[in-house]
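For reference, the structure is listed below as structure tokens.
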Amino acid sequence: MSRRRRAERRDVLPDSRYGDKLVTKFINSLMYDGKKSISESIFYTALDQITAETNEEGIEVFRKAMENLKPQLEVRSRRIGGATYQVPVEVRVERQQALAIRWLIRYSRERKEYGMIEKLRKEIIAAANNEGGAMKKKDDTYKMAEANRAFAHYRW
């Protein structure tokens, strides 16, 4: 942690197709080795395929998936008197968004389908329907917080 001051938050520009900052953050997280154009093509193609498959707007399915994935509670380690407790805490809005993006990309990459477009498309649809690996991760996070609710008084 810095001793000087808190780092300034950098604001991202909205994406070119939808004018949405969330989409820009997602594309930037999806990107490897600075290849943003490839990341954009993967994301936009996946949304186009979602639109064709589900007869709903792809961006709306994506937004629904992101809302479903945002965790309200998580556990943080807190050391008190030689013992470490998992203390449930509420999650800030920025962190909710970051975790949802991270989980969606991680579990998309772990899927067995061929090609990132296919993997991303399937995981977004699954998350919008409250299914898939990313939703399982969110549920596990909730279960951990509920199991450790007795230590909530150690919250700082």
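Report whether or not MET66 is surrounded by 12 or more Cβ atoms within 10 Å (Cβ to Cβ) and more than 19 Å from GLN96 (Cβ to Cβ). The answer is no for MET66. Of the residues examined, ALA128 is not one that is aliphatic (A, V, I, L, M), touching a helix residue (DSSP H, G or I) at 6+ places or on another chain (Cβ under 7 Å) and free of Cβ contacts under 8 Å to residues at least 60 places away in the same chain.
If I filter region 82-113 down to residues being exposed (fewer than 12 other Cβ atoms within 10 Å of the Cβ) and among the β-branched types (Val, Ile, Thr), which single residue comes out as modelled with the highest pLDDT? Among them, the one singled out is VAL93.
Across region 91-117, what is the number of residues that are acidic (Asp, Glu) and more than 19 Å from ASN28 (Cα to Cα)? Full working, then the answer.
So the first thing to find is which residues in region 91-117 are acidic (Asp, Glu), and the list is 94, 110, 113.
Next cut, more than 19 Å from ASN28 (Cα to Cα) only: 113.
Selection size over region 91-117: 1.
The residues of region 26-47 that are in contact with a helix residue (DSSP H, G or I) (Cβ under 6 Å, 6 or more places away or on another chain) and part of a helix (DSSP H, G or I), listed by number, are PHE26, ILE27, SER29, LEU30, SER39, GLU40, ILE42, PHE43, THR45, ALA46, LEU47.
Whether any residue in region 104-112 is farther than 29 Å from ASP11 by Cβ, out of contact with any helix residue (DSSP H, G or I) (no Cβ under 8 Å at 6 or more places or on another chain), outside any helix (DSSP H, G or I) and charged (D, E, K, R) is what I want to check.
Checked region 104-112: at least one residue is farther than 29 Å from ASP11 by Cβ, out of contact with any helix residue (DSSP H, G or I) (no Cβ under 8 Å at 6 or more places or on another chain), outside any helix (DSSP H, G or I) and charged (D, E, K, R).
Looking at region 87-97, is at least one residue farther than 28 Å from VAL12 by Cα, assigned to a helix (DSSP H, G or I) and out of contact with any strand residue (DSSP E or B) (no Cβ under 9 Å at 6 or more places or on another chain)? No, there is no match, as no residue in region 87-97 is farther than 28 Å from VAL12 by Cα, assigned to a helix (DSSP H, G or I) and out of contact with any strand residue (DSSP E or B) (no Cβ under 9 Å at 6 or more places or on another chain).
How many residues are more than 20 Å from the chain's Cα centre (by Cα), of a type outside the set (A, V, I, L, M) and exposed (fewer than 12 other Cβ atoms within 10 Å of the Cβ) if we restrict to region 1-32? Adding up the residues that qualify gives 7. Exactly one residue out of LYS122, LYS137, LYS143 is in a helix (DSSP H, G or I) and surrounded by fewer than 16 Cβ atoms within 10 Å (Cβ to Cβ), and it is LYS143.
The values are calculated or read from the model by the stated rules, or taken from the named source; none is laboratory data. Model, not experiment: these values are computed from the prediction. Cβ: placed from backbone, ideal geometry, glycine included. Neighbour counts: every protein chain shown.
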